[in-house]
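The values are calculated or read from the model by the stated rules, or taken from the named source; none is laboratory data. For clarity, every value in this text was computed on a predicted model and none was experimentally measured. Using ideal geometry, Cβ is built from the backbone for each residue, glycine included, and neighbour counts are taken over all protein chains shown.
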There are 2 protein chains.
Amino acid sequence: MKIAILGHGTVGRGVDQIIAERVPSLEVARILELPDRLTDPRMTASYDDILADPAIEVVVECMGGVEPAHTFICQALDAGKSVVTSNKAVVAAHFAEFAQKAERSGAKLLIEASVGGGIPWIASIAKARRIDDVQSFQGIMNGTTNYIVYSMLKDGSDFAEVLSKAQEMGYAERDPSADIDGIDVRNKTIITASVAFDVACTQDLPVTGIRTLTKYDLDLFGSRGLTVKLLGRGVQREGRYAVAVEPVALPTTTLEANVPTNFNLVTLVGQTIGELKFYGQGAGSLPTGNAIVQDVLDVAEGRDMTYRFAAGLTYDPALLTGDYVYRTKARVGGSTFYEPGACLVRGITAAAARELFQRALAEDPSSFMAALV
Amino acid sequence: MKIAILGHGTVGRGVDQIIAERVPSLEVARILELPDRLTDPRMTASYDDILADPAIEVVVECMGGVEPAHTFICQALDAGKSVVTSNKAVVAAHFAEFAQKAERSGAKLLIEASVGGGIPWIASIAKARRIDDVQSFQGIMNGTTNYIVYSMLKDGSDFAEVLSKAQEMGYAERDPSADIDGIDVRNKTIITASVAFDVACTQDLPVTGIRTLTKYDLDLFGSRGLTVKLLGRGVQREGRYAVAVEPVALPTTTLEANVPTNFNLVTLVGQTIGELKFYGQGAGSLPTGNAIVQDVLDVAEGRDMTYRFAAGLTYDPALLTGDYVYRTKARVGGSTFYEPGACLVRGITAAAARELFQRALAEDPSSFMAALV
């Protein structure tokens, strides 16, 4: 089967390498690149060359960003070409539109690599749903922030120190805000919720990152046997669902607390299967490339993969309710003492917790917040 | 699609319940039970009733034990009926024979539930192998022994105390030897190696359980930041492979060390995917039933699943070499001091370690052994 790759960066090169070395049944026939980077006879700067080639059955989009990825994916699906993408930003923004176009043209849309890198997460959710409803999910979905917390704990370093080391090692972007402000996890949480709950999740969900995390916070929680991890979470119950992204303080004896370096760990809970957890590389050329090639092989084998988002759930923030700790100099309404410099607010929604946190940040920009579980 | 269930015990009832409540596309048409237990109009004590019914496409074997399960599975496959089984003992003993019969008749053989209960482990290995070789695997594959170690650590209880509590709770059989002597893990390791390495693994592998584990041992390893877990392990390299079952002393910060109660955690390593870990319920009516129903749905959807064991690897115990700790009053050749009452032997194979352990046991039946990683 002939495919085209859009973008020959880290992920695109991984796909190209894996297919060349390991998958003789697939051929990378064309690669879309910028006009000044056409270093390979398969490369073209014109997407029309790819769209117009009837021999190309699958378009693998590894460009990242919303445009022109969005337009290119729509055009491929409209032309009846299946699309495999690792691009969480564009899927989170346009999942329902892509799914409709795919259904209309009979093309497939596969998105495994957009969440959890090499972890077979989307496929596992889809498989679980053949029997169970997914009652909830949660996960460490961002390797950069896990690496930051892991290194701060291991080396006793400051956030800024660790971040700049992560940037040197290529674990973090030069502009780290998508990672440390939770935007990347937000996109992955939206995609996961859409697949897990069969609903086009387009909510303006509460999102809090770890930008203000300090050694003091880790020590504070550590003294209570807790570790901080940035989690995406979702829950559904009786026709309603809720999602959130926030730092969570977890017991140090949980699997989540022990996830090292830049690995990911994602969990789903179903009625009959119970709790299933999946751990692996959440990013990187070969693991992400592997997830993409797996998707292409599924297309080649004719596996049915359609998204309809027909569950009709309503969004209800009350489903995600818990206790929240604020380390802040600001006054937090309704709070009680937790530790020196930190207070506790019990029984509020993730949405309300985020609002309280925004008010605290306005008064004390160094404030930090974490949910207790 | 109509199916028959052989055996209406814990797992068989789980399959029956899940299909009745959640999977309208499947129908449990017949159930094989003992003549004095025919409590349901679908039940029969005659396997011929099932074999002779052309409407039954899949036979789900949940009887356990080698015979008559072995004969029944062969007869179903010969008759062109696909077989789904949770029975590790019979698959470990007859995997190659079953695979040949399935290939000859065109029937499918699916064994997901035989290892790791509800964890999608066998399917994940098969999927990984579409791209990678599986370079190694390891896992906590037995919930009973994990529960025993977990409870000993948590409650400071003795092995015997915890075992009898596990028996009360239904986590352990009245005769616990299959669990605590590693026989159950041995069967699961053989099955995993067969699928992961594409080789009919019928080796007389080294198997050591945790029957002699004491609080003293846990404290001894605990003082060095280690926890003991019973692991099945396998590795392949350059046309050779090795497997073993043994207690392993792992850092307390590993995911394995933090697996609670009776859960399982299994790991595979591939060239491009890296390390993937899967965690879930390794036993129980609904999780194991779920894995079986997933297999039946795969048969219904026509997914290709064939085992050929064609890799032609040779068995080489030298691939599993490491350091071993013996807590024993016996003299262990080639050992050095480790902790009071315990000695260390460096750089020996799992097979040689097992032999040393057998000699130690002959002299001091209370001896305990664990591999260091």
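Listed values, structure above:
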{"read-out": "Any hit, region A:198-218, residues being within 14 Å of chain B (Cβ to nearest Cβ) and modelled with pLDDT of 95 or more", "value": "no"}
{"read-out": "Checklist (1) within 18 Å of A:A128 (Cα to Cα); (2) more than 10 Å from every other protein chain (Cβ to nearest Cβ); (3) under 18 Å from the mean Cα position of the chain (by Cα); (4) among the hydrophobic types (A, V, I, L, M, F, W, C) applied to B:V299, failing item", "value": "(3)"}
{"read-out": "Check on B:A330, more than 26 Å from B:G222 (Cα to Cα) and hydrophobic (A, V, I, L, M, F, W, C)", "value": "no"}
{"read-out": "Residue among A:L220, A:L231, A:L268, A:L226 that alone is in the same structural domain as A:Y315 (by TED's automatic domain parsing) and in contact with an Asp or Glu (Cβ under 6 Å, 6 or more places away or on another chain)", "value": "A:L220"}
{"read-out": "Unique residue being over 17 Å from B:R308 (Cα atoms) and more than 16 Å from the chain's Cα centre (by Cα) when the list is B:K81, B:K108, B:K88", "value": "B:K81"}
{"read-out": "Within region B:279-296, tally of residues that are more than 7 Å from chain A (Cβ to nearest Cβ) and not small (G, A, S)", "value": "4"}
{"read-out": "All positions within region A:244-262 that are touching a Phe, Trp or Tyr at 6+ places or on another chain (Cβ under 8 Å) and more than 8 Å from chain B (Cβ to nearest Cβ)", "value": "A:P247, A:A249, A:T261, A:N262"}
{"read-out": "Residue count, region A:263-278 (criterion: within 7 Å of chain B (Cβ to nearest Cβ) and either among the small types (G, A, S) or within 25 Å of A:D217 (Cβ to Cβ) (or both))", "value": "1"}
{"read-out": "Residue match in region B:227-236 (condition: buried (at least 22 other Cβ atoms within 10 Å of the Cβ), away from chain A (no Cβ under 11 Å), under 18 Å from the mean Cα position of the chain (by Cα) and charged (D, E, K, R))", "value": "yes"}
{"read-out": "Residue that is farthest from B:L220 (Cα to Cα) [pool: residues in region B:144-178 that are hydrophobic (A, V, I, L, M, F, W, C) and surrounded by fewer than 20 Cβ atoms within 10 Å (Cβ to Cβ)]", "value": "B:M169"}
{"read-out": "Number of the exception - A:Y326 against (1) within 13 Å of another protein chain (Cβ to nearest Cβ); (2) over 20 Å from the mean Cα position of the chain (by Cα); (3) hydroxyl-bearing (S, T, Y)", "value": "(1)"}
{"read-out": "Number of the exception - B:S194 against (1) over 13 Å from the mean Cα position of the chain (by Cα); (2) of a type in the set (G, A, S); (3) part of a helix (DSSP H, G or I)", "value": "(1)"}
{"read-out": "Condition met for A:K229 (at pLDDT 95 or above, more than 15 Å from A:W121 (Cβ to Cβ) and among the basic types (K, R))", "value": "yes"}
{"read-out": "Tally of residues being closer than 28 Å to A:F159 by Cα and among the basic types (K, R) across region A:88-147", "value": "1"}
{"read-out": "Flag for B:T71 being buried (at least 22 other Cβ atoms within 10 Å of the Cβ) and among the hydroxyl-bearing types (S, T, Y)", "value": "no"}
{"read-out": "Options B:L205, B:L220: the member that is surrounded by fewer than 24 Cβ atoms within 10 Å (Cβ to Cβ), in contact (Cβ under 8 Å) with a residue 40 or more places away in the chain and not in a strand (DSSP E or B)", "value": "B:L220"}
{"read-out": "Lone qualifier among B:A79, B:A89, B:A107 - being in contact with a strand residue (DSSP E or B) (Cβ under 6 Å, 6 or more places away or on another chain), in contact (Cβ under 8 Å) with a residue 12 or more places away in the chain and surrounded by fewer than 23 Cβ atoms within 10 Å (Cβ to Cβ)", "value": "B:A107"}
{"read-out": "Boolean, A:A353 is touching a residue at least 60 places away in the same chain (Cβ under 8 Å), small (G, A, S) and within 22 Å of A:T145 (Cα to Cα)", "value": "yes"}
{"read-out": "Top-ranked residue in region A:296-336 [being among the charged types (D, E, K, R) and farther than 24 Å from A:Q138 by Cβ; ranked as modelled with the lowest pLDDT]", "value": "A:D304"}
{"read-out": "Tally, over region A:119-136, of residues that are of a type in the set (V, I, T), part of a loop (DSSP other than H, G, I, E, B) and either within 24 Å of A:Q75 (Cβ to Cβ) or without any contact (Cβ under 8 Å) to a residue 24 or more places away in the chain (or both)", "value": "0"}
{"read-out": "Any hit, region B:167-176, residues being more than 22 Å from B:G118 (Cα to Cα) and either modelled with pLDDT of 95 or more or basic (K, R) (or both)", "value": "yes"}
{"read-out": "When residues of region A:208-217 are limited to those that are among the charged types (D, E, K, R) and more than 16 Å from A:I183 (Cα to Cα), the one surrounded by the most Cβ atoms within 10 Å (Cβ to Cβ)", "value": "A:D217"}
{"read-out": "Evaluation of B:D184 against (1) surrounded by 24 or more Cβ atoms within 10 Å (Cβ to Cβ); (2) outside any strand (DSSP E or B); (3) touching a strand residue (DSSP E or B) at 6+ places or on another chain (Cβ under 7 Å); (4) touching a residue at least 60 places away in the same chain (Cβ under 8 Å) (one fails), failing number", "value": "(3)"}
{"read-out": "Residue ranges of helices (runs of 4 or more DSSP H) in region B:1-118 with at least 1 members over 28 Å from B:M141 (Cβ atoms), modelled with pLDDT of 95 or more and within 14 Å of chain A (Cβ to nearest Cβ)", "value": "B:10-22"}
{"read-out": "Residue under evaluation B:E33, criteria (1) under 19 Å from B:G289 (Cβ atoms); (2) touching a helix residue (DSSP H, G or I) at 6+ places or on another chain (Cβ under 6 Å), criterion not met", "value": "(2)"}
{"read-out": "Any strands (runs of 3 or more DSSP E) falling wholly within region A:264-373 and containing at least 3 residues that are buried (at least 16 other Cβ atoms within 10 Å of the Cβ)", "value": "A:274-281, A:321-327, A:342-349, A:368-372"}
{"read-out": "Residue under evaluation A:G139, criteria (1) at pLDDT 95 or above; (2) away from chain B (no Cβ under 14 Å); (3) outside any loop (DSSP other than H, G, I, E, B), criterion not met", "value": "(2)"}
